[in-house]
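Beneath this line is the structure, given in structure tokens, with notes to follow.
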Amino acid sequence: MLQDLVNILIIAVLVSFLMFTSIIPHQFAKSQQKFAQTEFVEEGKPKLFDSHLKITTVAEGLSTPTTMAFVGPNDILVLEKDTGMVKRIVDGKVLPKPVLDVNVANSVERCLCGIAVAKNGSTTHVFLYYTEIDGTDGEDKAGKQPIGNRVYRYDLSSDALINPLLIMDLPANPGPRHNSGNIMIGPDKNLYVEIGDVDGSFKTSETETKTQNYKNGVDPDGRGGILRITQDGQPTDGILGDTIPLRLYYAYGIRNSFGMDFDPVTGNLWDSENGPGNGDEINLVLPGFNSGWQQVQGLASQETSFSESDLEDFNGKGHYADPKLVWVNTAGPTAVKFLNSAQLGTTYENDMFVGDVHNGRIYHFDLTADRKDLVLPQELSSRVIEKPSSPGVSNIVFGDGFGGVTDLEVGPDGNLYVVSIGLGSIFQISPAS
Ligand SMILES: [Ca+2]
Ligand SMILES: [Ca+2]
Ligand SMILES: [Ca+2]
Ligand SMILES: [Ca+2]
């Protein structure tokens, strides 16, 4: 819990100093002193450990950028957590006028959080997840309650997002943490939405739900899972049950998550999750996956006095599984992205990349032949990373110094793109020559 508070403070510092980007490298220097023993950390200076690749700055001076999406070649939309602005970056130039500016509750982890794009005929649909407030940006800091964590669908016109359609309305209380908010279009063309327990750690009987593994809790309310709807906001076939919102859940038992992606080879979903200071995770998320929160976080074998029979399984339809990798000392893993291109060399093709927010690192993983597991270095065969400098960790660190990675994206050019909330920048990773 103490570590959790430290994590919140680090995030709060990042957020508070957003407007003063020159201050951020200093803040990072302070927050990273405890990791000084590792040779990888060089704060504020993104660096890769493969000399065949290079880093190019695509955009800078952004205010707490969270996530991005491509709407065309060299044509990016990027979200700002605290301003509620969606900015467009064309050929490396941030256009002066945002394409949208919403009223966002932004205390702590409330945010303009997630974006997904789908081209449907001549229309480009843009989906946004944000913590909406009926007031000005950040008015929740003065005590005003947000309306909800909401997903809207827009049409992209020449210079604006228009025709907003509310397609999902989720709780924003108790808050203000664990809103998650990463969204994406799956291979089945449906929209997948990550939402955490919205700070279920402040327990009340109304917020202890079955999807948080309170077997005697109240019925699910939309929090603590990965939800699935059509692009029109309609439910799909239920996995755990037929009543809404339970019918919407693809996975549950999730505390907080900032990243997921489908394996382009198998179509399997993977996510990253944030534990309470310990037990950050990477998971294979099969339909009906139960990540175990709030009964277990990290490996079940490391949880004292835990039994799988304590978990809610929705009449056998939900299935608990252990994570494939655990950080004991929180790294704050965020984006998960499969590089479905050979642009960076076949050695990286279809491999998994994961960002983190506390060390500014990007991790790289090969998958096993059946693609149901990560290939881990011998030193990490326990699936547990004790410290950022633990033996074997250097084998999975692909890049460092990215100052709080909040999104990874593969461009139409096949290169890897990185959003750094700490540095207020977007970077491109491409071949050096
Ligand atoms: Ca993205
Ligand atoms: Ca705004
Ligand atoms: Ca878990
Ligand atoms: Ca590989």
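Restricting region 154-171 to residues that are assigned to a loop (DSSP other than H, G, I, E, B) and out of contact with any Leu (no Cβ under 7 Å at 6 or more places or on another chain), the residue that is modelled with the lowest pLDDT is Ser158. Taken together, Pro146, Pro174 contain a single residue that is surrounded by fewer than 21 Cβ atoms within 10 Å (Cβ to Cβ), away from ligand 1 (no atom under 16 Å from the Cβ) and outside any strand (DSSP E or B), which is Pro174. Just one of the listed residues (Val328, Val384, Val354) is of a type in the set (A, V, I, L, M), within 16 Å of ligand 3 (Cβ to nearest atom) and under 26 Å from Leu53 (Cα atoms), and it is Val354. A single entry from Phe402, Phe353 fulfils the requirement of being in contact (Cβ under 8 Å) with a residue 24 or more places away in the chain, part of a loop (DSSP other than H, G, I, E, B) and either within 16 Å of ligand 1 (Cβ to nearest atom) or within 30 Å of Arg247 (Cα to Cα) (or both): Phe402. The residues listed here are Val108, Val151, Val104; of these, the one that is buried (at least 24 other Cβ atoms within 10 Å of the Cβ) and touching a Lys or Arg at 6+ places or on another chain (Cβ under 8 Å) is Val104.
The values are calculated or read from the model by the stated rules, or taken from the named source; none is laboratory data. Since the model is a prediction, treat every value here as computed from it, not as a measurement. Backbone-built Cβ (ideal geometry, glycine too); neighbour counts: all protein chains shown.
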